[in-house]
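What follows is a short report on a single structure.
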Amino acid sequence: KTFADAAPKLPPPHILALFHAAKPQSRDALRVFVAENFTLPEQVIGPELPAERVAIARHIDSLWDQLTRASTTAPQYSSLLPLPEPYVVPGGRFRELYYWDSYFTMLGLAESGRNDLVEHMVRDFAYLIDAYGHVPNGTRSYYLSRSQPPFFYAMVGLLSEDSAGSYSRYLPELRREHAFWMQGEVGLKRGTAHRRVVSMPDGAILNRDWDDSDTPRDESYREDTELAQRSGRVPKQLYRDLRAAAESGWDFSTRWFADGQTLAAINT
């Protein structure tokens, strides 16, 4: 994920040409090449632990500003998706806004009286729906092929006691997200599926987790390719299952393992 989040210093085709010309053969040579041509991201570091014991609520309250980011613009060629309002990131290797995780963050923000950030983040998610037709897994270009459990309606419900007014305000985005999840429903034959919609043998319509790509995930490229080599499975099917698990939010739970034990048997 460090490399997927790095910002190229030059146009990517130019860097690729330099890479083929240099042909770095060792780990150290590759590190030097990357450092020369990319700006690597920094880890999100939280506040230092206080010297004395403090109440848990006070400690959590101190985290919000530390984890708040603003990115109305993004570096050229970066994978980061710009957002109009400030938002809270999880921290560590997760430097961007994530979808369903954020709902639980917003519950904490509301409890801490940070309704300003709740409002900002709802606007950000509405912006993503307007810009891309759905909320991506996270605000990186490599997350655009999948979403996560659709909690936008629940986020909107946090805005005020007048939930009807809030839902009315964001009704266009709520409709647009619903359409994204139901795309392909009309005319779908029984016992078949299309993207996130499944028609059961009795005609009932269900949703499933899905990712539009069948390649290794950018943020876990080496892990995915090595797993494919060990698994003996058709790589594209394995990658699709891994990506669908990431959309589910249960990444990675044995609930998706066909043998109940190994990630290589994942069947999301």
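Data overview
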item	result
Scan of the range 255-264 for residues that are of a type outside the set (Gly, Ala, Ser) and open to solvent by less than 80 Å² (accessible area, probe 1.4 Å), ordered by number	TRP256, PHE257, ASP259, THR262, LEU263
Failed item in (1) at pLDDT 95 or above; (2) open to solvent by 40 Å² or more (accessible area, probe 1.4 Å); (3) of a type in the set (A, V, I, L, M), with ALA126 passing the rest	(2)
Qualifying residue in the range 142-157 (condition: under 17 Å from the mean Cα position of the chain (by Cα), hydroxyl-bearing (Ser, Thr, Tyr) and closer than 30 Å to GLY113 by Cα)	yes
Hits in the range 198-233 - residues which are surrounded by 13 or more Cβ atoms within 10 Å (Cβ to Cβ), within 22 Å of the chain's Cα centre (by Cα) and without any contact (Cβ under 8 Å) to a residue 12 or more places away in the chain	GLU223, THR225
Helices (runs of 4 or more DSSP H) contained entirely in the range 1-85, each with at least 3 residues that are surrounded by 12 or more Cβ atoms within 10 Å (Cβ to Cβ), over 17 Å from the mean Cα position of the chain (by Cα) and modelled with pLDDT under 95	56-66
The range 178-192, residues that are open to solvent by 80 Å² or more (accessible area, probe 1.4 Å) and under 23 Å from the mean Cα position of the chain (by Cα)	HIS178, GLN183
Options ARG195, ARG175, ARG240: the member that is of a type in the set (D, E, K, R), out of contact with any helix residue (DSSP H, G or I) (no Cβ under 6 Å at 6 or more places or on another chain), open to solvent by less than 60 Å² (accessible area, probe 1.4 Å) and within 19 Å of GLY133 (Cβ to Cβ)	ARG195
Test: residue in the range 198-216 that is at positive phi and touching a Ser or Thr at 6+ places or on another chain (Cβ under 8 Å)	no
Output for the range 86-123, where each listed residue is in contact (Cβ under 8 Å) with a residue 12 or more places away in the chain, open to solvent by 10 Å² or more (accessible area, probe 1.4 Å), more than 14 Å from the chain's Cα centre (by Cα) and within 24 Å of TRP250 (Cα to Cα)	GLY92, THR105, LEU107, GLY108
Listing of helices (runs of 4 or more DSSP H) fully contained in the range 105-178 that carry 1 or more residues being under 30 Å from TYR77 (Cβ atoms) and of a type outside the set (Val, Ile, Thr)	115-132, 152-156
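The values are calculated or read from the model by the stated rules, or taken from the named source; none is laboratory data. Predicted model, so just to flag it, every value in this text is computed and none were measured. Heads up, the Cβs are rebuilt from the backbone with ideal geometry, glycines too, and the neighbour counts pull from every protein chain shown. Keep in mind that these areas ignore ligands, DNA and RNA; they rest on the heavy atoms of the full protein, side chains included. Shrake-Rupley method; radii C 1.70, N 1.55, O 1.52, S 1.80 Å.
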